[in-house]
Every structure is written in C-alpha cells, then in structure tokens.
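A short write-up of the structure that comes next.
The values are calculated or read from the model by the stated rules, or taken from the named source; none is laboratory data. Treat the numbers as computed from the prediction; the structure is a model and nothing was measured. Here the Cβ positions follow ideal geometry from the backbone for every residue, glycine too, while neighbour counts run over all protein chains shown. The accessibility values were calculated without ligands, DNA or RNA, using every heavy atom of the protein model including side chains. Shrake-Rupley method; radii C 1.70, N 1.55, O 1.52, S 1.80 Å.
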Amino acid sequence: MTTNGVVQQAVVEGVLERITYANEESGYTVARVDTGRGSGDLLTVVGALLGAQPGESLRMEGRWGSHPQYGRQFTVENYRTVLPATIQGIRRYLGSGLIKGIGPKIADRIVEHFGTDTLDVIEEEPKRLIEVPGLGPKRTKLIGAAWEEQKAIKEVMVFLQGVGVSTSIAVRIYKKYADASISVVKNQPYRLAADVWGIGFLTADRIAQAVGIPHDSPERVKAGLQYALSQSTDQGHCFLPEDRLIADGVKLLQVDTGLVIDCLAELAADPEGVVRESVPDPQGGPDLTAVYLVPFHRAELSLVGQVRRLLHAEDDRMPAFQDVDWDKALGWLAGRTGATLAPEQRDAVKLALTRRVAVLTGGPGCGKSFTVRSIVELARAKKAKVVLAAPTGRAAKRLSELTGADASTVHRLLELKPGGDAAYDRERPLDADLVVVDEASMLDLLLANKLVKAVAPGAHLLLVGDVDQLPSVGAGEVLRDLLAEGGPVPAVRLTTIFRQAQQSGVVTNAHRINTGLPPITHGMPDFFLFPEEDTEEAGRLTVDVAARRIPARFGLDPRRDIQVLAPMHRGPAGAGNLNGLLQQAITPARPDLAEKRFGGRLFRVGDKVTQIRNNYEKGANGVFNGTVGVVTGLDLDEQRLTVRTEEDEEVAYEFSELDELAHAYAITIHRSQGSEYPAVVIPVTTGAWMMLQRNLLYTAVTRAKKLVVLVGSRKALGQAVRTVSAGRRYTAVAPRLSGRIPVGNIT
C-alpha cells in the first residue's frame, strides 16, 4: 500500500511453516508463512527473521513488495512471537519441537485432551499433563521445566531481537547467566565476548551501543584491543607488535590514537590484561615491543621452560640405550621388521632413544612411519612404557595401526577437563618412558604447552611431523620453532624418497610442489587434473568428481573414503557452497529421512559433520575443533542430534548446540591437517587467488593415501606452486629457546 508514493508500514500475522534460507551472519531469512486464510497458499516473507522457529505464531511489521521471480512477498523489519489461539495453531506450535519432550505425536495427544486450554494448562497447572494417555510423571516434569526455560529464554530473546542476536546465542546467554542474563547484557555487555562462545566483540559492541554505552568508553576500547589480540591468535599469532595493535585498534574502534594508547597502558598495568615485552622481530627487523594476551605469554614461557627441563633432566627413564650395541640392536630390528633402516633413519632411531627431546621431520615417502615403528619396537624390547598420541582421531588411529599399540588423541591422553585443565601435568605426569606424538605440525602453543608439562623428567619426548605443511590452526608454529637454527632441540630430517614411494604420483607430486615445480598431471594412475577455468563450473565439476566419478571408477565410498579439500570457505568453489551441493548429491532429502534446519544449515541422518570449536563438556574427554563424524540419530521430540565420531564415540547435541557443527563433505585445507584420506579432491580456482600458496597445496596433496584429483584452472595451479607463504607468525618461542630472550618466571 502506498500513500503519495510512500510505501506504508503493514502488519501480518501467521504461523511460520518453514525456513527456506537463513544467513547466520546477516540474519537475512527467507521463510514461508501460513496466514490462516484457508486457501492453502503460503506467503513468502523475507528479512530479519533469524531466531524465529517453525511452528511459532508471528506478528510481523514490514512492507509489501514484489519479486520478479517469486512474486508477491512481505519484507519483515521486526517481529514478535504470539501464542496461538486456535486448536490447529496450538497443535502446530507444540509439535514444532520448540518445547523439549513434545514432538508432533505427543502434541496431538495433549491438544486432543485439553483443547484450546492446552497452553493455559502447561503454563499454570503442568502437573495435569499426567492426565494425557502415555505421559508419565517423568516426562510431565520435563515438559514443565522446558516450558519455563523457554519462557525465560523468550524474555531474553525479546530483549536481544533489537540488536539482531540469533536464538542460539540467546540460549547460550541464558545458559551462562540464567536470571542475570538481561542485567549482564544491559550493564556489562563486553563480558559476553569473553564468556559466551559465538559472541565476538562486534556483536557485544552492537549490544553495548544499543544499551547506551558511549563510543569512546575506556571499557569499550580495552575490550576492542583484547578482541584484536584474540583475532590475531585465530590467525596464528601469539602476539602482535604494539604499533600494529594500536593501528588495528584505531581502525576497529574509530576512536583517537591517544585514547587507544592510554587504554593499552591501563591493560598492561592489569595483571589479567595484557603483557608487553621486547622481543626479536620474526621477520628479521629490529627488536619490537610485543603485546600478548596473558594466557599466550604464560604458555610461551612455560613451554620453553618445560622443554629445557626435559632436555637437562638428570634422570633417564631409558638408560639401556646410552651404551647399547647399535649394530646388534639394529640387526635384531631388521630381523623383526624384514627391512633395513637407511642411514638417516638410523640417526633418528638413535636420537629418539638417547636424547630426552627430539624431532623427526620429512615429507611423504621418506620413511617417517617406518622409523617411528622401529623406535617403538626397540623401546618396547627394552620393556620401556611407550605412549603414543596424535592431535586428531584419524591420525591416532593411523599411528595405532602402524605400531600395533594403542594410540589416542593428545586431548584424551591428557584427559582435558571442562575449562581446559589437564588431568596430567607437572604435578601428575604421564607414566611413560617414551612419548611419541605424530602430526606434530598441528600442535599449537597452548596444546603443546599442556603436553610437554605432562612428560615426566627423564622420559623421552619424540615429536614427528612434516614441517613443510601448514602450521597449526591455533596460535604458534611450535614444530618450526623447535627446529629453528641455533636451538637446543636435536632433530633429524628425512630427505631420501624410497623406491617404492617413487612409483606414487601422490608422493612424486608432493615433493615437486614443495620444491616449486608444477605437478605432473598426465600418465599418473593416482594423480589427475580436470581443467576448468570458470570457478562456478569448477565447483559443480568438483561435486560430480567426488560424488559420482571416483566412486564409479575406483569403488570408493563418497562419504567415508573421499574428502573434498577447498583452499577457502567462501565462493562457488569454497567449502561452504560445496557442502550444500555435496549433501544434495550424497545425502539427499527423503520422506523417511529425519532432518533439522538450524540457521543456514540443514542436518540429516547420514550427514558427514565436523565440530568447529573445542567443547570440554562433551563426550568422555571433550570433543575438539576438527573432530569429524556422521549423524546417526535425530530425535525431534527430545530435540537432540547424535553423532558417531571418527573415534567411535556417540556424542549427543541439543538442537540449541548445533552451531557447533558444520557439514564436512567439503572442508578447508587448514581443517584437514593431521588427517589422511584414501582420496582427496581439490578445487584450485582463480576465485581463491589470495589463498593459493605452496604449503597450502602441499598440505592438501599430502592428505591423500591413494588418489588426488585437482579440479580447476592451470593458471591458479601455477600461482599456488609459485607462491611461497609470506612472513612468519608472531611467536617468540624460538628466540626464548636459543637464549636470545631471558626465560623469566616460568608458570
């Protein structure tokens, strides 16, 4: 409706039937609403609807419009939920899964019994639910409690809707603060960024402005500086140079430089704020002033102190190897394994068994695995207690198969508890004479510190990994720092490619890429390129190769055996878009297949998924960022989804926790570290130009055991091979280890 050319505000009421699209970042949603006119036609509504759930009755304010393709639609500017009044509306509302314990069947029974009084009964006399056939006291009590919690969350939701906070975040705020939620949001909004996963500084800042906190408030500036440091740790840095942090702060906060400098000084004076320290420039320039978040500074000092403690320990828990007859020992080993070690491998075996800390590195096909097996065989022959670990479940399983001994993830080994504290540490070390950690390039600063703390004095620690791969997802580059020139940690680098491995196109091309040569893509039985210059077409071709062509030709399972590895998340050939296309191809919708939409994602039984945050509360010892699994159950009544992880553990997720899961048919190359797959498919397109670097492509190729298929542009492939990663991460572990920075107090 228009008046004098101006579109007038309108109000529409109806029941949200389904969400067809939702962007979790912007909140933009496309949905279908039943306005109750009886014609059966559903109205398309678009706009800020993130947080509304199917089955809810909505009162929406906005404007009418028309879409050239989809016709008449209503653009929502704001909305609120209203309780339904009709029998049909109540049945749909209760059966939508909003109230835990009530699914469609139970909703039918309750509404049949109480009619239009249903919601009043649940609100005022929930004990009467026991009158409903099939509802016992236990479920009645659960429904009453879920209704109360839903009401409390709704109150928080109504308050937060004005600043565009999604339902899942509102639920997290409520779970964290309960009745204090609104008080915290109003009075201490920046606490949210530190306390509640999924809320960063930008969301907290939007809330703070909505509740009237001034733009130039020192509280805001200090929170912004800590956010900038936190963001830099997500990019791999342990600290930021002070000048860069100040510049980042001014740009982020849009305030005067002087105010940022003053607030940084206040943070540095706070024992729990930040730490400033002069350190050598990792890029080779003059010394710079580093600014750390406190946990990362403590971890650097601690890691260096613990490595030195192990290196200089007087005890030796494997003394038999100090004066062993190596020719005799290695001869015995050759008889056990049926193979003789190469000179580099012999050096690595001696090093691991005689030195308290050692590093073994090298590329594919150079015999790292056989060397590790040899070290473990000799150690066990001398009755040593050997403990094996790796950062991921897949890598731990591979290590176990290789050595014939149990191996676990580092998280399980240390028995990390809620909050991130480990059951094993300096006071209670691991009962092990030799600790072997594979895929050590994945160890970030915080996890490496926890691990090294737990190694007993006199025990031996062997870190095994490929230093040419991408560094860890988390902050630091621990393996590279331990291998730095002039450092105290002894290391062996395996460089000889064994004859058997030379037959492999995967191994051959991995080494070619690592030395700056283009891969050979013709005449190889296990390495292929499907050329496609157009990025969108390359995305579609990637899906066809992974879901149809490889399974047809090689007999591999598209869900279990084939992994699509994308250089980036966004774009037509990015992991995000490819996941949607691969889900349609591998786990399409079926009438008998349970599914649950959460924000912009649709989960089905059979979906391949990955955990995207560390959650110490889940599973036996937590579920960690990068853990992959398959959805095995979806209970709409209990609002719970179940995942069987790659460690064969069944883990339950409340529907409100589904923002911790993402689909994993396609993942970014960064997220694939430490994992190995029978086959990998890698889209290499000009759309990912900024991400194309040699160590990224090398890491992707070395994830494959049997088969690599590249899909995309020859030009983009050439760019990836030529481009060496620019610059080092900001970390001071190497200069601390070599003594260029005083160790200081170790915590």
Taking a straight Cα-to-Cα line shorter than 17 Å from Lys417, and setting aside same-chain lysines fewer than 8 residues away, one finds Lys450, Lys453, Lys618
Straight-distance crosslink candidates among aspartates and glutamates, where the alpha carbon sits under 15 Å from Lys383 and sequence neighbours closer than 8 are dropped: Asp316, Asp431, Asp433
Quick check on the range 546-595: take the gyration tensor over C-alpha atoms, sort the square-rooted eigenvalues as a ≥ b ≥ c, and tell me if it's rounded (a/c under 1.5), prolate or oblate. oblate
Can you list the residues, at least 5 places off or on another chain, whose amide H is less than 5 Å from the amide H of Ala422, using H built in the peptide plane? Lys417
What accessible area per residue comes out for the chain, rounded to a whole number of Å², with a 1.4 Å probe? 44
Taking the Cβ of Leu696 as the center, what net charge do the other residues with Cβ under 13 Å away carry, scoring Lys and Arg +1 and Asp and Glu -1? +3
Phi-based couplings in Hz for the range 446-455 (Karplus 6.51, -1.76, 1.60; Gly and Pro marked x): 5, 6, 4, 5, 4, 5, 5, 4, 8, 8
Flagged links, alpha-carbon separation over 25 Å, of Lys151/Lys175; Lys138/Lys608; Lys382/Lys705; Lys328/Lys382: Lys138/Lys608; Lys382/Lys705
What whole-number distance in Å separates the alpha-carbon centres of the range 473-508 and the range 612-687? 28
Going by the alpha-carbon gyration tensor, a ≥ b ≥ c the square roots of its eigenvalues, is the chain rounded (a/c under 1.5) or, if a/c is not under 1.5, prolate (a/b greater than b/c) versus oblate? prolate
Amide H within-cut-off set for Asp281, under 5 Å, with H built and near neighbours excluded: Asp287, Leu288
Once you sort the root eigenvalues of the Cα gyration tensor of the range 160-306 as a ≥ b ≥ c, which label holds: rounded (a/c under 1.5), prolate (a/b larger than b/c) or oblate (the other case)? prolate
Most to least packed among 107-119, 695-707 [average Cβ atoms within 10 Å]: 695-707, 107-119
Low-density loop cleavage sites - GluC sites (Glu not before Pro) in the range 237-331, where at most 10 other Cβ are within 10 Å (DSSP): Glu272, Glu314
Can you give me the long-range amide H partners of Thr723? Hydrogens built in the peptide plane at 1.01 Å from N, cutoff under 5 Å, separation of 5 or more residues or another chain. Arg694
Please report, as a whole percent, how much of the solvent-accessible surface of the chain comes from carbon and sulfur atoms (probe radius 1.4 Å). 49
Qualifying GluC sites (Glu not before Pro) in the range 637-682, DSSP loop, other Cβ atoms within 10 Å at most 13: none
Which of the trypsin sites (Lys or Arg not before Pro) found in the range 301-396 are in a DSSP loop and have at most 12 neighbouring Cβ atoms, other than their own, within 10 Å? Lys383
Highest mean first, how do 182-188, 462-468, 629-635 rank when packing is the count of other Cβ atoms within 10 Å averaged over residues? 462-468, 629-635, 182-188
In debye to the nearest 20, how big a dipole does the chain give about its Cα centre with +1 on each Lys and Arg Cβ and -1 on each Asp and Glu Cβ? 1720
